[in-house]
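Have a look at the structure below, then the notes.
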Amino acid sequence: MERYSLCVNEREYEFLANANETLLFVLRERLDLTGAKCGCLTGDCGACTVLIDGEAKKACLIQIRNAVGHKITTIEGLSENGTLHPIQKAFIYCGAIQCGFCTPGMILSAKALLDKNLSPTESEIRDAISGNLCRCTGYERIVEAILLSSKMLRGEDCDV
Amino acid sequence: MALYGQKQFHIVNHSVPREDGFDKVTGRATYAADIKYPNMIYAAMLRLVGVASAKVTKIDTSKALKLAGVLAVFTADSFPKMKSWARYFYITDTVRYVGDVIAIIAAETYAIAEEAKKLIHVTYEELPAVFDIREAMKEGAHPVHEEYPDNIFTDSIYTLRKGDTEKGFEQADLIIERTYETQYAEHAYIEPEAVVASEDSSNGEMTIHASAQNPFFTRRYVADILQIPLNRVHIIQETLGGSFGGKEEGVGLLAARAAFVCHVLHRPVKMVYTREESILESSKRHPFLLTYRAGVKKDGRIVAWEATQIGNSGAYNNQTQFLNWRACAHCAGAYDIPNIKSKTFGVFTNNVHSGAFRGYSSPQLLFAQEQFIEEIAEELGMEPLKLRLINCLRDGSTVATGAKVSEVLLPDIIEYTAKQTDYTKKYEQNKTQSGRIRKGIGMAISHRGCGYGAESPDAAGAFLIVNEDASVLLHSGIAENGQGLKTVYCQIAAEALGVPYENIRFFGTDTHRIPDCGMTVASRGTVMGSQAVKKAGEKLNLILREHACTLGFFDSGKGGAPNDRIAQDLVLREGHIFDPSYHEYQVPLADVTNIALWKGLNMAAYEWHVPDPCIQEHDTQQGRAFPTYSYTCVVAELEVDTGTGEVTLKNVHSSHDVGTAINPALIKGQIYGGIVMGWGYASMEEVVLKNGIVGSRNLDEYLIPTAMDMPNMKVSIFECDDNSGTYGAKSVGEPAIECVAAAIANALYNATGRRIRCNPAGLENVLIGRKLW
Ligand code: FES
Ligand code: FES
């Protein structure tokens with residue numbers, strides 16, 4: 001085991017880990033941040049999606065040493081002092097959630113998109129979440145929610 | 001015509017937001033794999049992944065046991081066998097399919113347990129095996145289970161006789177027969193199965209946190225393996241990351257294994273499937289071999305129908321018999337046919353076992369039946385829409401089980417959907433296309449028996465507690481599986497009890513708090529399971545009005561009324577009690593409950609609901625199989641690249657009679673999800689098995705639709721006055737998927753002139769009409 005330090009949700013964590021551990025394992029097992037989910041460990045489901053320096057990445061594919069020195073954001077870091085981020089609000093408002101297992105990853109993929117592109121088209125949204133599988137919703141409401149949150153983030157009037 | 005929007009309710013029939021939304025968007029919702037205990041250990045399972053039928057002769061665990069951190073290795077000799085009721089093995093030395101577990105390793109960490117697996121040396125003899133149902137039924141085929149020498153799962157045989165098919169076929173002007181086949185499909189819920197077991201050594205109570213679709217079902221496995229009473233097994237259902245019928249037996253087995261390891265080693269144990277294990281060991285959608293024969297008059301009336309429906313049960317089964325009962329009742333589609341004869345049965349093979357999967361046989365049957373109808377129409381030279389309308393169920397029709405149906409919106413739904421999609425015009429136009437890219441439009445219709453029906457008593461209970469602040473706790477044994485059941489139950493309780501939706505809390509299903517209410521399956525949760533919630537709500541509504549009177553809130557003079565009022569004069573609605581004749585005087589419920597508590601008055605109600613029995617004659621399956629039916633019509637439009645075989649699904653219009661839409665937003669969510677899942681089933685999903693070996697082992701090989709694959713979706717919700725279900729609700733979770741693959745197959749034929757009689761329609765199947773492997 002080696003000592004690591006990692007910046008997650010703007011907080012520094014110090015912990016011991018084995019060099020072959022993935023970021024997903026560290027988040028869930030060492031830091032107790034279980035919002036990132038494990039659905040495949042092969043990079044195919046997107047349930048483990050986190051933001052690394054603002055980019056949506058699959059935490060199951062990242063070795064812990066490669067995460068060191070970068071800014072990591074997980075779903076736990078999205079709602080500042082208990083206030084929901086507009087994407088989170090829109091997911092609730094649009095009913096973009098069923099079992100919820102894909103939800104943290106979906107929301108973070110959406111955030112990575114909207115941080116770069118505040119006015120995405122529907123097909124850009126679909127493309128941005130194409131690495132996040134959802135078995136429950138048929139994606140319809142998820143796309144709707146991301147469109148709505150882009151409006152909210154642009155400051156347009158939405159009664160959410 | 002009864003599109004949603006004409007009923008009068010206060011809380012049900014409206015789209016209230018999900019009660020679990022906040023927890024799920026913030027990552028706070030706890031799934032079973034998120035649970036941790038101090039001092040917890042891990043257990044991993046060993047399988048003979050490359051062999052489907054074998055006798056294990058020796059397992060050398062000595063090296064594994066020497067690895068630091070390994071605590072124990074269990075094999076069939078050191079692990080209990082299932083004693084009570086199911087036909088499964090926690091660990092076995094006779095491998096009947098690739099998912100069978102032959103050893104379990106307990107270790108300090110998951111990584112050590114996995115490492116130890118590699119150090120175990122297994123000696124085995126390979127045994128003969130059968131994989132295909134046709135092979136399995138041949139004389140001299142290897143019997144998968146000694147008790148079933150010809151591999152036919154006798155408990156799952158159902159025969160149906162309605163009218164006289166011989167006479168029917170004699171009257172027919174045309175007789176036509178076709179055979180269809182469907183594939184193994186995987187639930188592919190995004191959350192793999194997980195359990196955590198912990199034992200309280202002071203009283204022997206075993207607590208299991210589980211990703212269980214049916215906590216009471218899981219409880220039986222744990223009580224079985226430990227041979228302890230059910231009241232010492234505490235199953236807590238954690239937030240479930242999708243199930244669709246899949247987290248039943250598999251999770252029971254997993255929970256029992258974890259419980260036993262925990263009991264022996266005196267440490268909390270976590271067991272989580274990898275995706276590969278989930279695909280290997282979890283049950284699958286039954287493949288079916290389906291042959292239909294119909295006798296038709298020139299005018300389009302179907303006068304005789306014969307069906308042979310054979311399911312591939314795989315290596316073990318506890319569900320084929322129930323599933324086949326449903327398949328038998330639905331053997332003739334949504335049509336009123338006077339003479340029907342059918343046989344349905346399951347066959348054991350050395351493949352992965354089949355179980356419940358959203359639809360419970362209907363997507364398979366409809367894939368065949370709804371194509372068959374179009375093949376009949378073609379032979380008759382008639383438009384398929386017309387043939388459907390001539391034969392489909394309507395008021396006064398009799399279904400295959402001989403029971404009469406009423407309040408049938410099916411003909412309206414078909415006509416409405418056809419009109420909305422311009423079906424007839426497009427259907428005709430598409431037939432004359434040329435060029436590489438071809439368009440296709442296809443339809444499928446269905447009727448679906450709601451709830452358990454005659455399969456087993458559709459009974460359930462509910463317990464409501466009102467606290468002194470007028471907040472309410474709801475307990476039910478029917479479980480949230482991600483579909484939004486808690487939200488719907490809170491709406492129903494709020495409507496019946498007369499309090500705001502926000503006042504009700506249903507925090508989860510826990511086997512220590514409510515009796516076993518049966519399984520959350522068969523789309524029965526809203527239709528039947530919630531009847532008890534409504535009943536308990538209504539009972540408590542009356543009790544609280546009585547308290548208001550007893551406590552003097554409606555004595556003469558109060559609110560300006562000259563006389564004392566009794567409970568029957570009052571209304572409790574939206575958290576206020578009032579006399580409608582003097583409605584300005586509204587007593588907040590909390591004023592009443594606050595005093596009632598200190599006066600020692602009861603503020604809780606428990607109700608159990610058993611619907612009128614459904615009874616059928618066993619040998620002919622004639623009788624009332626279900627209290628009522630849901631009706632569906634789906635139209636799919638697609639484009640085929642005839643050069644590559646690539647199919648793009650463009651539009652899907654899905655219309656449903658849901659009786660009463662308890663929560664229209666949730667219903668639409670179910671339907672969108674069903675369409676996309678059905679699209680996967682129709683086009684890309686297949687658990688590829690070669691000699692029983694699973695070829696598609698993770699989500700890179702078992703492909704499910706992504707956001708890039710979704711079509712434009714339109715949903716139409718119809719309501720009717722059938723009051724069999726709670727507030728008139730009918731099933732929707734399974735109707736949402738069942739017609740989709742059939743409509744797509746019909747659209748493909750419309751586009752290419754090639755029938756896909758073998759699902760799914762992968763590239764080569766579309767191009768040349770058969771699969772290449
Ligand atoms: S767990 Fe990382 S992509 Fe599936
Ligand atoms: S909501 Fe269940 S996987 Fe997306």
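Partner lysines whose Cα lies under 23 Å from the Cα of B:Lys284, excluding those fewer than 8 positions away in the same chain, are identified as B:Lys247, B:Lys343, B:Lys690, B:Lys771. Peptide packing for B:254-261, B:481-488, B:712-719, B:138-145 was compared via the average number of neighbouring C-beta atoms within 10 Å per residue; ordered from the highest value, the list is B:254-261, B:481-488, B:712-719, B:138-145.
Using the C-alpha gyration tensor of segment B:332-442, what are the square roots of 5 times its eigenvalues, in whole angstrom, with the largest one first?
Values: eigenvalues 158, 102, 38 Å².
That gives 28, 23, 14 Å for the three semi-axes.
Once R0 is set to 56 Å, what does the formula 1/(1 + (r/R0)^6) return for the Cβ-Cβ distance between B:Lys36 and B:Lys425, expressed as a FRET efficiency to the nearest 0.05? If you can, show how the numbers build up before the last one.
Values: r = 61 Å, r/R0 = 1.08.
It comes out at approximately 0.40.
As a length-normalised measure over Cα pairs under 8 Å and 6 or more apart, the relative contact order of segment A:2-76 settles at 37 percent. Reducing segment B:665-728 and segment B:461-506 to their Cα centroids gives an inter-centroid distance of 28 Å.
Under 14 Å from a label point set 7 Å out along the Cα-to-Cβ vector of B:Glu764, the amide N atoms of segment B:684-723 belong to B:688-690.
Per residue, the average separation of C-alpha pairs within less than 8 Å and at least 6 apart gives chain B a relative contact order of 16 percent. The count of lysine pairs in segment B:59-167 with alpha-carbon distances below 30 Å, taking only pairs 8 or more places apart or on different chains, stands at 10. Of A:Glu80, A:Glu144, A:Glu124, the residue with the greatest mean-square motion in the GNM of chain A, using alpha carbon springs below 10 Å, is A:Glu80. Only aspartates and glutamates eight or more places from B:Lys558 in sequence, or on another chain, were considered; those with a Cα closer than 12 Å are B:Asp579, B:Glu584. Indicate the helices, whole DSSP H runs only, in chain A that combine a mean Kyte-Doolittle hydropathy of -0.5 or more with a Cα extent along their long axis of 18 angstrom or more. The qualifying helices are A:103-116, A:140-153. Here the accessible area is traced with a 1.4 Å probe on the protein chains. For segment A:2-76, carbon and sulfur cover 46 percent of it. Accessible surface for segment A:2-76, divided over its residues, is 43 Å² per residue with a 1.4 Å probe.
Set against the 2.2 N^0.38 Å expectation for a compact globular protein, segment A:2-76 has a Cα radius of gyration ratio of 0.96.
Placing pseudo-labels 7 Å out from each Cα toward the beta carbon at B:Lys58 and B:Ser406 gives an inter-label distance of 7.3 nm. Counting only other residues whose beta carbon sits under 14 Å from that of B:Pro411, what net charge do I get with K and R as +1, D and E as -1? Summing Lys and Arg as +1 and Asp and Glu as -1 gives -2.
Per the helix-only calculation at 222 nm, which mean residue ellipticity applies to chain A, given -39500 (n - 2.57) for every DSSP H run of n ≥ 4 and division by its residues, nearest 500 deg cm²/dmol?
On the way: 5 runs with 48 residues, N = 160.
After summing the helix terms and dividing by the residues of chain A, the value is -8500 deg cm²/dmol.
How far is the Cα center of segment B:405-444 from the Cα center of segment B:217-237, in Å? With segment B:405-444 and segment B:217-237 each reduced to a Cα centre, they are spaced 51 Å.
Simple point charges give the picture: +1 on the Cβ of Lys and Arg, -1 on the Cβ of Asp and Glu, and for the protein assembly as shown a dipole about the Cα centre of about 1060 debye.
Note the direction-averaged projected area, equal to a quarter of the hull surface, for the Cα convex hull of segment A:86-153, in nm². Can you show the working numbers first?
Values: hull surface 14.7 nm².
Over every viewing direction, the Cα hull of segment A:86-153 projects on average to 3.7 nm².
With a 1.4 Å probe on protein heavy atoms only, work out how much accessible surface A and B bury together, total over both chains, in Å² to the nearest 100. In total, this chain pair buries about 3700 Å².
Grab the Cα-Cα distance for B:Glu379 and B:Asp555, subtract it from 0.36 nm times how many residues apart they are, and report the gain in nm with one decimal. Intermediate values should be presented prior to the final figure.
Working: separation 176, 0.36 × 176 = 63.36 nm, distance 7.66 nm.
The span from B:Glu379 to B:Asp555 would gain 55.7 nm if fully extended.
Label positions at B:Thr308 and B:Glu177, each projected 7 Å from the Cα along the C-beta direction, are separated by 0.7 nm.
Give me the percent of Cα-Cα pairs in chain B that sit more than 38 Å apart, rounded to a whole number. Walk me through the numbers on the way to the answer.
Working: 126225 of 298378 pairs.
Of all Cα-Cα distances in chain B, 42 percent exceed 38 Å.
What average number of partner chain Cβ atoms lie no more than 10 Å from the Cβ of the residues making up B:385-392?
Values: counts 0, 0, 0, 0, 0, 0, 0, 0.
Partner-chain Cβ atoms within 10 Å, mean over residues of B:385-392: 0.
Of the accessible area of chain B, with the probe set at 1.4 angstrom, what percent is carbon plus sulfur? Here it works out to 50 percent.
In the protein assembly as shown, the C-alpha radius of gyration followed by the widest Cα-Cα span (Dmax) gives 28.2, 91 angstrom. Rg/Rh for segment B:56-165 (Cα atoms only, Rh after Kirkwood) is 1.15. FRET efficiency for the pair B:Ala2 and B:Lys386, taken as 1/(1 + (r/R0)^6) with r the Cβ-Cβ distance and R0 = 25 Å, rounds to 0.60. Counting Cβ atoms of other protein chains within 10 Å of each Cβ in B:701-709 and taking the mean gives 6. Candidates B:Ala256, B:Thr320, B:Gly477 compared by Cα position along the dipole of chain B: farthest toward the positive end lies B:Thr320, with charges placed on Cβ.
Computed over chain B, the per-residue total of -39500 (n - 2.57) for DSSP H runs of n ≥ 4 gives a 222 nm mean residue ellipticity of -8000 deg cm²/dmol, rounded to 500.
Under the 0.36 nm per residue contour assumption, what length would be gained going from the current alpha-carbon distance of B:Met137 and B:Ala604 to full extension? Walk me through the numbers on the way to the answer.
Values: separation 467, 0.36 × 467 = 168.12 nm, distance 5.65 nm.
Length gained, B:Met137 through B:Ala604: 162.5 nm.
Checking the Cα-Cα distances for A:Lys57/B:Lys36; B:Lys7/B:Lys419; A:Lys89/A:Lys111; B:Lys298/B:Lys386; A:Lys71/A:Lys111; B:Lys486/B:Lys534 against a 21 Å cut-off, the pairs over it are A:Lys57/B:Lys36; B:Lys7/B:Lys419. So the label point goes 7 Å from the Cα of B:Thr94 along Cα→C-beta, right? Which residues of segment B:281-314 then have their backbone N under 17 Å from it? Under cut-off, by backbone N: B:314.
May I ask you to rank B:Glu147, B:Glu114 by accessible area, largest first, using a 1.4 Å probe over the protein chains only?
On the way: B:Glu147 125, B:Glu114 55 Å².
Putting B:Glu147, B:Glu114 in descending order of accessible area: B:Glu147, B:Glu114.
Using the Cβ atoms and a cut-off under 11 Å, what net charge is assigned to the surroundings of B:Arg573, where Lys and Arg are +1 and Asp and Glu are -1? Before the final figure, lay out the partial values.
Working: positive: B:Arg545; negative: B:Glu495, B:Glu574.
Once all neighbours under 11 Å are counted, the net charge is -1.
Projecting the Cα atoms of B:Ala604, B:Ala682, B:Ile662 onto the charge dipole of segment B:597-692, computed from C-beta unit charges around the Cα centre, puts B:Ala604 farthest toward the positive end. Considering every alpha-carbon pair of segment B:101-258, the percent of pairs per 5 Å bin, from zero through the bin containing the longest distance, is 1, 7, 10, 10, 12, 14, 14, 11, 7, 4, 4, 3, 2, 1, 0, 0.
A crude spin-label estimate for the pair B:Thr648 and A:Arg11, with each label 7 Å from Cα along the Cβ direction, gives 4.7 nm.
Under the 0.36 nm per residue contour assumption, what length would be gained going from the current alpha-carbon distance of B:Lys167 and B:Lys118 to full extension? List each step's numbers first, then the result.
On the way: separation 49, 0.36 × 49 = 17.64 nm, distance 6.49 nm.
Length difference between fully extended and current span is 11.2 nm.
Across segment B:266-319, the mean sequence separation of Cα contacts (distance under 8 Å, 6 or more residues apart), normalised by length, yields a relative contact order of 29 percent.
If you plug the beta carbon distance of B:Ile465 and B:Phe9 into 1/(1 + (r/R0)^6) with R0 = 25 Å, you get a FRET efficiency near 0.60.
Show log10 I(q)/I(0) for segment B:487-581 at q = 0.16, 0.18, 0.19, 0.20 Å⁻¹, two decimals, from a solvent-free Debye sum over equal Cα scatterers. After summing over all Cα pairs, the log10 values are -0.73, -0.84, -0.90, -0.95.
The values are calculated or read from the model by the stated rules, or taken from the named source; none is laboratory data. Remember, it's a predicted structure, so these values are computed and weren't measured experimentally. In this analysis, Cβ positions are derived from the backbone assuming ideal geometry, glycine residues included, and neighbour counts consider all displayed protein chains. With ligands, DNA and RNA removed, areas are computed over all heavy atoms of the protein, side chains included. Shrake-Rupley method; radii C 1.70, N 1.55, O 1.52, S 1.80 Å.
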